[in-house]
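Remarks on the structure that follows.
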Amino acid sequence: MNIPFSPPFIDQSVIDQVLQSLQDKWITTGPKVKALEQEIVELTNSDVAICVNSWTSGAIMMLKWFGVKPGDEVIIPAYTYCATALSVLHCGATPIMVDVSDDFCIDPKKVKKAITSKTKAIIAVDISGWPCNYVELNTIIRESEVINMFTAESEKQQLLGRILLVSDAAHSIGATYNGLASAKMSDITIFSFHAVKNITTAEGGCVCLNLPPRFSALTEYEFLKKYTLNGQSKDALAKSKGGGWRYDILFQGLKINMPDICAAVGLAQIKKYINELLPRRKEIASKYCKGLEQMNWFIKPPLQDDNRETSYHLFPLRIMGISEAQRDQIIDDLAQLGVAANVHFIPMPMLTYFKSIGYKIKDYPVAYKQYSCEISLPIYPQLSDNEIQFVIESVIATVQIQLNKPRKLQPKNRIKEDLKLNILPNFSDYGQQTHI
Ligand SMILES: *Cc1c(COP(=O)(O)O)cnc(C)c1O
């Protein structure tokens, strides 16, 4: 078997959309981006959606839009991809990292404690597609003592009059909250369309606005579209029309627009997302749960509760009672069997750069606990039932080796022997495909 971790979904409809862009000879921001934005508005019921060239650039733009600057603080979880923190640092502000809960998401109680008069925004991260506790976060930012502490220093801050709630929804397109798209639960929701995400444009992202009605969504949309194009008064399509050459630069924007040729990939995928791609992800997650739930070491990922449902972006398996080193060994053993797994995430305070600027993992015990026993299993629509079954059996076999014999006592070459003994006899169905 050779099961990659997360290959992009590319079928004929994706190829046709990209070909159409090429044949129409319009490859930068234009009709495909417009159509993708429209699809995202429909999927999420957001007021407006602005496509950009990555989650990271979308987050930088929105923090700058809100006026986040040196001396300000933005509260984020310690357990996320580095981009969450870097977007804050790129604005010159300070990321205030707080610990997570057992569901991988930012702990609202710790958010509350971290709020100061310098706090301008909170970026909550929907790890694996599981929406954060937005009901609680929305309550906190509207508490009178929190509102009184808020110091508005820009026009947008004055208009909002409180801390901005941003959702890092890089994983969570299609997730729901109280029957609505979870994007409706934050002022600003940012999706990533990076190559491994549920919907991809190779590289890309999208900013969705669901601001209070005192903001004009249409005015903000038009302003932000210009922001993605150096603050230029006209986009390339408008300039290309006869006589449309003259333009102006209205403010200091960024250059972070999404090209049509990229939007074409996502456009084809999003048309199949709700009826085909997302249901298949859900089905795979259920099969993993069914296949593993009788194991006494299995910790089920958060997938669904009374008001939330994940987007099944990752299947973050956790294994009770294993060390970080044992987890690493299981991933190596899975790789030997042809199953590519991953870890989401290495908490930022464990990474060199964040250590160098003063963050310490000992301050985030829950993040470390989640990380050290976590293995993300392959989950994507192209996985066959046969492959899913193989992943389940491989996980059971490789975990069993670690749980039966503490890793420390095991000479390196014994692992391979154990894999042969414990796994291969169970895998006769897969014949020569098992490369060990
Ligand atoms: C992928 C990811 C990002 C960054 O997305 P880009 O589009 O690559 O900038 C941010 N946050 C999380 C949680 C991610 O997984």
request  = Under 9 Å between Cβ atoms, at least 6 apart or on separate chains: pull out the pairs that start in segment 82-101 with a residue that is on the phi > 0 side of the Ramachandran plot and end on any residue that is at pLDDT 95 or above and among the β-branched types (Val, Ile, Thr).
outcome  = Gly92/Val68
message = Please go through segment 303-314 and give me each residue that is touching a strand residue (DSSP E or B) at 6+ places or on another chain (Cβ under 9 Å) and over 24 Å from Glu276 (Cβ atoms), ordered by number.
response = Asn307
note = Exactly one of Ile415, Ile379, Ile436, Ile375 is outside any helix (DSSP H, G or I) and at pLDDT below 90, and that one is Ile436
inquiry  = I'm checking my understanding of the structure. Among residues of segment 46-86 that are assigned to a loop (DSSP other than H, G, I, E, B) and in contact with a Leu (Cβ under 7 Å, 6 or more places away or on another chain), which one is farthest from the ligand (Cβ to nearest atom)?
reply    = Asp47
inquiry  = Which residue is surrounded by the fewest Cβ atoms within 10 Å (Cβ to Cβ), if the candidates are limited to segment 171-199 and must be within 14 Å of the ligand (Cβ to nearest atom) and among the aromatic types (Phe, Trp, Tyr)?
reply    = Phe193
ask   = Right, Ile127: in contact with a Phe, Trp or Tyr (Cβ under 8 Å, 6 or more places away or on another chain) and either within 14 Å of the ligand (Cβ to nearest atom) or at pLDDT 95 or above (or both) or not?
value = yes
Ile40 vs. criteria at pLDDT 95 or above and away from the ligand (no atom under 14 Å from the Cβ) = yes
ask   = Of all helices (runs of 4 or more DSSP H) completely enclosed by segment 256-338, which ones contain at least 1 residues that are in the same structural domain as Ala367 (by TED's automatic domain parsing) and closer than 30 Å to Val399 by Cα?
value = 278-292, 324-336
key: Set Ile331, Ile299, Ile284: member being under 21 Å from Ser384 (Cβ atoms), at pLDDT 95 or above and out of contact with any His (no Cβ under 8 Å at 6 or more places or on another chain)   = Ile284
remark   = A careful count of residues in segment 96-118 that are crowded, with 22+ Cβ neighbours inside 10 Å and not in a loop (DSSP other than H, G, I, E, B) gives 5
query = Within segment 144-181, how many residues turn out to be among the charged types (D, E, K, R) and more than 28 Å from the chain's Cα centre (by Cα)?
reply = 3
inquiry  = Here is a check on your reading of the model: is Thr80 crowded, with 22+ Cβ neighbours inside 10 Å, of a type in the set (S, T, N, Q) and under 28 Å from Val366 (Cα atoms)?
reply    = yes
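The values are calculated or read from the model by the stated rules, or taken from the named source; none is laboratory data. All values derive from a computational prediction rather than experimental measurement. Here the Cβ is made from the backbone with ideal geometry for all residues, glycine too, and neighbour counts use every protein chain on show.
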